[in-house]
Structures are given as C-alpha cells and as structure tokens.
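**Student:** I have a structure here, written as structure tokens, and I will follow up with some questions on it.
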Amino acid sequence: MSTTSDVLGRLHARPAAARWRNPGLWLGMLALLLVGLWPVVSGQAATREVIFTMLLAIALASSLNILMGYTGYVSFGHVVFFGLGGYVSMFLLSLGQPLWVAVPAGGVASGVLAFLLGKAILRLRGTYFALATIGINEAMRTFINNFGPFGGSTGISLNFSVYGNYGGAANALWLAYYAVLALALLAILVSYIVKTSKFGLGLMAIREDEDAAEVMGVFTPNAKTWAYVISAIIPGMVGALFFFKNGNIEPADAFRLQFSIETLVMIMLGGQGTVLGPILGALGYQQLRSFLLTNAFFKDYQLVIAGVLLLLIVLFIPAGAVGWLRKRFPRLRNVLP
Amino acid sequence: MEPLLRIDNVGRRFGGLQALSGVTFEVFEGEILGLIGPNGAGKTTLFNVIDSVYEPNEGQVTFRGQPTKGKKPYHLARMGLARTHQIVRPLSELTVRDNVIVGACFGRENRSLGDAGEIADEVLHFVGLSERADQLAGSLNVAQKKRLEMARALAARPLLLLLDEVLAGLNPSEIVAMVETVRNIRAQGVTIIMIEHVMHAIMNLSDRIVVLEYGQVIATGTPQEIIANQRVIEAYLGDPKLAEQLMEAA
Ligand SMILES: Nc1ncnc2c1ncn2[C@@H]1O[C@H](COP(=O)(O)OP(=O)(O)OP(=O)(O)O)[C@@H](O)[C@H]1O
Ligand SMILES: [Mg+2]
C-alpha cells in the first residue's frame, strides 16, 4: 500500500524526472510492441494483416489526438494527409526512388500542407474549422482527380518489379509492416512528449479557453499551426506505407472521409486528450469492426453502428474510456497519461 | 518620469454604443491606481483595450514606451502585462496547479516547465490555494476561482497587473485578506490598476483614482479628492447602494 503512494508522491514531487518513468506509457508501448511482434513469431500473414490495420489506426488516432484532444480543434478531413502522403510517395516510387526516400517525403508533404493551411483555417473556431477541413479534403480529391502527373482518376499503380528492390513482394509486405509498427510506437511517444511539454500545456490551455490562453501569453496562432503540422506528418508517412503495400492508389481510396470519421470515433471511444485513449480506442474499434464485417447480418451496417456508437459515447461517456477512469479515480491521473 | 502605461485619448465603440471616449491618463511605476465608476461605465472595456483584446477605435495605448497598436494579448503578456477577469475564466479540465503553471510558463519570464512548477507552488501558497493544487480548476467555487485568476496573473511575474473586481463576492474577512494580498503584491514592486466597487477597500488601497462614467473620465485624483468631488457623487447618485458606500468611505 505504502509503496503505491510513495511512487505517486515521487511522481508528483519531481515532475521532470518522473516524466520518463511513467508506468502507463512504458507498459502501453511494451504491450503494443508485443502485439506487434506476434505475427513475426507466428509467421502468419493473416494475423499480420489484422494487426497491420490496428497499428495503422493507432498511428492515425494518436496523431489526430494531438490536434483534437490536446488543442480542441476537431479535424473531420484529416484523411487528406494520409492521402497526400500516399500520393507523393507513390509518385516518387514510380519514378524509381527508394522507399526510405518516398515515405519521409510523404510525411514532409503532409506537414508542409498542414503548415500552409494552418494559419488560414485555424483562425476558424469550432464547427467552422471542422467544416473547412472537410472542404479541404474534398478539394484535394477533386484536384488530384484532374492532376495528370498523379494519374488523374486512375491514380498510380506500382510496377511489380519495384518490390524486387525489397526482396520480393512477400518481403516488402513484412517491411511495410515493421515500418508501420515503428510509426505507431513513434506516434505514441510523440503524443506523450507533446502532452508532457510546455508546448502541450499551451495547447491544452487553448483547448480550455483560447482567449484566456492568449491573455496569459500563449502564442496561439503558432501553437495551433505546429500542433496541426505534428498531427499531419505521421499520417502522411502511414499513408505512404499503406499504398506502397497496396500497390496502387486512386483518389477515391486516398481521400475517404469515412476513414477520418472512424478515426474520430476511435479517439472518442478511448478518451480524447489522453495518450493511452487513442490506442485503446483504435484496438476496440477495430475489434468491433472486424466482428461486424465478418457477421452476415451486420456486414452492411458497419457505418451505421459507428455512428450510433459515436452518439452513445458523446451522450454517456464524453471523456472516453481512459478519460472516464482518470475522472473516476483521480490518483490514476499520474499513471495513465 | 516616463509612465509605465499611457492611455491617450482612447475611444471604443460597440455598434452604436460609445463604450469609451477620449480616455486619457497615465500610470506610474509602483503605484496602485483605482478605477471606479457605475455599472456599464466602460471599466472592463478599458482593460480589454489595454491588453489588446479589443483594438481602440481612436487614440493609443503605450506600455513601457511602446505603442500597443498591432500587438496581440500574448505579446503584451511577454512584455509584462497580466490581468484577472471579472467573469472568471478557469482552464476547467486542467488542475489548479497547471493553470498557474500556464501563467508562469507563458508570462513575462517565459519559464521552463520545471521552474514554472516551483513558481506555481509558491504563488498557490501565497494566495492560499495550496490545498487545492491537484483539483481540477472547474471544481473550485467562485471565490477560489477568483484567487486562481490572481495566482495565474502573479505567476507571470508581471510589471503591470490589472485586477478586475477581485473583491466582488467575497465576505468581509475574505476582503480584508485580499486587500492585504494586494498590498503585498505592490510591495514586491508590481504596479497595479484595480477596478473595484467596494469603496472603502479601494479608497484604502489606491494612491490615485480615476473615475469613469459613460465611457468618459470625469475625475482623477487622490482618494480624498475623489470623495469630495461633487461630479463623482452625482455620477453615483443613480446607484444608491454605491452612493451610500461612497459616503461611508468619506
Ligand atoms: N463585446 C461587447 N459587445 C458589445 N457591447 C459591449 C461589449 N463589451 C462591453 N459592452 C458594453 O459596453 C459598456 C461598458 O461595459 P463594461 O463591461 O466595460 O462596463 P464596466 O464598467 O466594466 O461595468 P461593470 O461595473 O458592470 O463591470 C456596456 O454598456 C456594455 O454592455
Ligand atoms: Mg466590468
């Protein structure tokens, strides 16, 4: 008994050192690493595909959470960064550039887009911002649909020989898998670093009361823009890997609004503004989704159920699972980031 | 001596309402300036113009020798301006301590998170909120939220502190304590402008007083001069409660 309170006491007394000794963070990352390595041990491609989808969701949800959960700006069209990253990297791959150039380039392109958009649309608040992000996604889809170098409406398909550079198609799939695992872990680490930093505190001040934050000295336009940029980079890289693995990219696949909305549901489910919430939410939602997709009766109602789920969360546990735990048991605040 | 703050012929309209017009006065380093006037006189609006939440339609504000035109509230915060809000604005989902850390992190001294934590603990002790440090700010009662406003502003280590009715809603013994707190803040070298309806307190604390009515300065002077000013008494006649307080203070 006394040991628990000792640990909590120390965490409170020395925040700087305790920052890197947060049990919730390390246990969460360790658990994810073990889950991520499971297909490697079992060697099964089917398990790998299931877990690939979960890791993808975790990376996207954790990234979007920085904007939505910490800063309080809900981006409905966040999939635009996933799509753009995918397009830029597929374009480079089709020109013969290696994967290790194409994937970071996808991330950089998304980051740059967020930077350019940020100053303009982050001046909008609440619903107006959310609507603007949808508009941007639709505009981007339309633009790329008519953009010759990216293949217009047919998109870009990789020549099968590209995979030869990575030891053949089977190996390339594993390579993409490892990379997404690494990105999911990175996303969580970034999320934690932001949350426990001065920058993150500024973001949370903006979320709580933007005008008060300005009066207290938070440079709100800059802080919001950087939050947007950070939340865009990893989705750009994840998109690059997803479409590399897929072998082709089309506007309709790259900018699916539904995908954005599912990411939002995951964040809400697990608990927005927490580090562990998006992980739990992504795992939970993907479990549910795969159950629904394999069930003959529910198969066609997957999105309806996502919608109902969102409604139930907003009505009954607006803080999400982790948020609820933190509220219900205040002592957990120190161990559940 | 160069004033810390100069307000020069400032006017501000809201639609057809002239909330401030031709407001001119100066604030010198180290003084406590009282700002009084009937409800709706434009006191809070003046604070909002001083810290650039609103732009003035006419005139200009000069803080530490620099015009504030074009500056945002966060620029002024870095330059050493801090304020409390008449209608409290806690960062509800953050702890009391984190609220104060925001003040220290982003205020004049632009401290690191670690330093800010130490400042926060010190300031929370100073305003008597230490016991509430780990509570969410949203769970405080109004009097405590007022103190939190004060703590956040102090944690910024400002040169000029704007206090908007920090005594409102406090009981007599709390008022005594808060008046003492304000004195202590000034003793640390902080210049203060204070909006207040509690007459005996403001008359006691202020070195000088500026009186606003319908957006215009109708009197400036020492507390003794203000109490004896016929124009001020008339201005307050519309508000019997305040007039009575004014008389009592005299
Ligand atoms: N943002 C705004 N939009 C429109 N009118 C406003 C705004 N802010 C203030 N006003 C009006 O300006 C006038 C001055 O208001 P202000 O809040 O500055 O008064 P005050 O002196 O602080 O009063 P009180 O003692 O009641 O706090 C009032 O008539 C008020 O309704
Ligand atoms: Mg007011």
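Table: residues versus (1) within 16 Å of ligand 1 (Cβ to nearest atom); (2) under 16 Å from the mean Cα position of the chain (by Cα).
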| position | (1), (2) |
| --- | --- |
| B:Arg13 | yes, no |
| B:Val27 | no, yes |
| B:Ile32 | no, yes |
| B:Gly37 | yes, yes |
| B:Arg64 | no, no |
| B:Met79 | no, no |
| B:Thr84 | yes, yes |
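**Student:** Of the residues B:Arg89, B:Arg78, B:Arg97, B:Arg108, which single one is within 14 Å of chain A (Cβ to nearest Cβ), under 16 Å from B:Ala156 (Cβ atoms) and within 16 Å of ligand 2 (Cβ to nearest atom)?
**Tutor:** The unique qualifying residue is B:Arg89.
**Student:** If I ask for residues that are touching a helix residue (DSSP H, G or I) at 6+ places or on another chain (Cβ under 7 Å) and away from chain A (no Cβ under 14 Å), which ones from the stretch B:64-75 would you list? Lay out the reasoning, then the answer.
**Tutor:** If we filter the stretch B:64-75 for residues that are touching a helix residue (DSSP H, G or I) at 6+ places or on another chain (Cβ under 7 Å), which is where we start, we get B:64, B:68, B:72-74.
The one that is touching a helix residue (DSSP H, G or I) at 6+ places or on another chain (Cβ under 7 Å) and away from chain A (no Cβ under 14 Å): B:Arg64.
**Student:** Restricting the search to the stretch B:11-54, which residues are within 14 Å of another protein chain (Cβ to nearest Cβ) and away from ligand 2 (no atom under 16 Å from the Cβ)?
**Tutor:** Filtering the stretch B:11-54 for residues within 14 Å of another protein chain (Cβ to nearest Cβ) gives B:44, B:47-54.
Within the stretch B:11-54, just B:Ser52 meets the criteria.
**Student:** Shifting gears a bit: I need a count of the residues in the stretch B:185-203 that are in contact (Cβ under 8 Å) with a residue 24 or more places away in the chain, more than 13 Å from ligand 2 (Cβ to nearest atom) and either more than 20 Å from B:Leu81 (Cβ to Cβ) or out of contact with any strand residue (DSSP E or B) (no Cβ under 9 Å at 6 or more places or on another chain) (or both).
**Tutor:** Residues that pass the stated criteria total 7.
Residues are listed down the side, and each one gets a yes or a no for (1) surrounded by fewer than 23 Cβ atoms within 10 Å (Cβ to Cβ); (2) under 20 Å from the mean Cα position of the chain (by Cα); (3) more than 16 Å from ligand 2 (Cβ to nearest atom); (4) within 13 Å of chain A (Cβ to nearest Cβ):
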residue	(1), (2), (3), (4)
B:Gln144	yes, yes, yes, no
B:Leu163	no, yes, no, no
B:Gly169	yes, yes, no, no
B:Val176	yes, yes, yes, no
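**Student:** Among the listed residues B:Glu165, B:Glu149, which satisfies the condition of being more than 28 Å from B:Tyr236 (Cα to Cα), within 16 Å of ligand 1 (Cβ to nearest atom) and in contact (Cβ under 8 Å) with a residue 40 or more places away in the chain?
**Tutor:** Working: B:Glu165 fails: more than 28 Å from B:Tyr236 (Cα to Cα).
Sole residue among the options that is more than 28 Å from B:Tyr236 (Cα to Cα), within 16 Å of ligand 1 (Cβ to nearest atom) and in contact (Cβ under 8 Å) with a residue 40 or more places away in the chain: B:Glu149.
**Student:** Hey, does the stretch A:275-283 have a residue that's touching a Phe, Trp or Tyr at 6+ places or on another chain (Cβ under 9 Å) and not in a helix (DSSP H, G or I)?
**Tutor:** Yes: one or more hits.
**Student:** Restricting attention to the stretch A:192-210, and to residues there that are part of a helix (DSSP H, G or I) and facing chain B (nearest Cβ under 7 Å), which single residue is surrounded by the fewest Cβ atoms within 10 Å (Cβ to Cβ)? Walk me through how you get there before you give the answer.
**Tutor:** The first filter runs over the stretch A:192-210 and keeps only residues part of a helix (DSSP H, G or I), leaving A:192-195, A:198-208, A:210.
With facing chain B (nearest Cβ under 7 Å) added as a condition, the list becomes A:198, A:201-202, A:204-205, A:208.
Working: A:Lys198: 17, A:Leu201: 26, A:Gly202: 27, A:Met204: 22, A:Ala205: 29, A:Glu208: 21.
Restricting to residues being part of a helix (DSSP H, G or I) and facing chain B (nearest Cβ under 7 Å), the top hit is A:Lys198.
**Student:** Still on this structure, I have one more. Failed condition for B:Gly128, given (1) within 13 Å of another protein chain (Cβ to nearest Cβ); (2) on the phi > 0 side of the Ramachandran plot, with all others met?
**Tutor:** For B:Gly128, the exception is condition (1).
**Student:** Right, another one. Kindly establish whether B:Leu76 is among the aliphatic types (A, V, I, L, M) and outside the structural domain of B:Val10 (by TED's automatic domain parsing). Give the steps one after another, and end with the answer.
**Tutor:** Numbers: among the aliphatic types (A, V, I, L, M): yes; outside the structural domain of B:Val10 (by TED's automatic domain parsing): no.
In short, no.
**Student:** Which residue, of B:Asp115, B:Asp8, is over 28 Å from B:Asn141 (Cβ atoms), away from ligand 2 (no atom under 16 Å from the Cβ), in the same structural domain as B:Leu148 (by TED's automatic domain parsing) and not polar (S, T, N, Q)?
**Tutor:** Details: B:Asp8 fails: in the same structural domain as B:Leu148 (by TED's automatic domain parsing).
So the residue among B:Asp115, B:Asp8 that is over 28 Å from B:Asn141 (Cβ atoms), away from ligand 2 (no atom under 16 Å from the Cβ), in the same structural domain as B:Leu148 (by TED's automatic domain parsing) and not polar (S, T, N, Q) is B:Asp115.
The values are calculated or read from the model by the stated rules, or taken from the named source; none is laboratory data. This is a predicted model, so every value here is computed, not measured. Note that each Cβ is placed from the backbone with ideal geometry, even for glycine, and that neighbours are counted across all protein chains shown.
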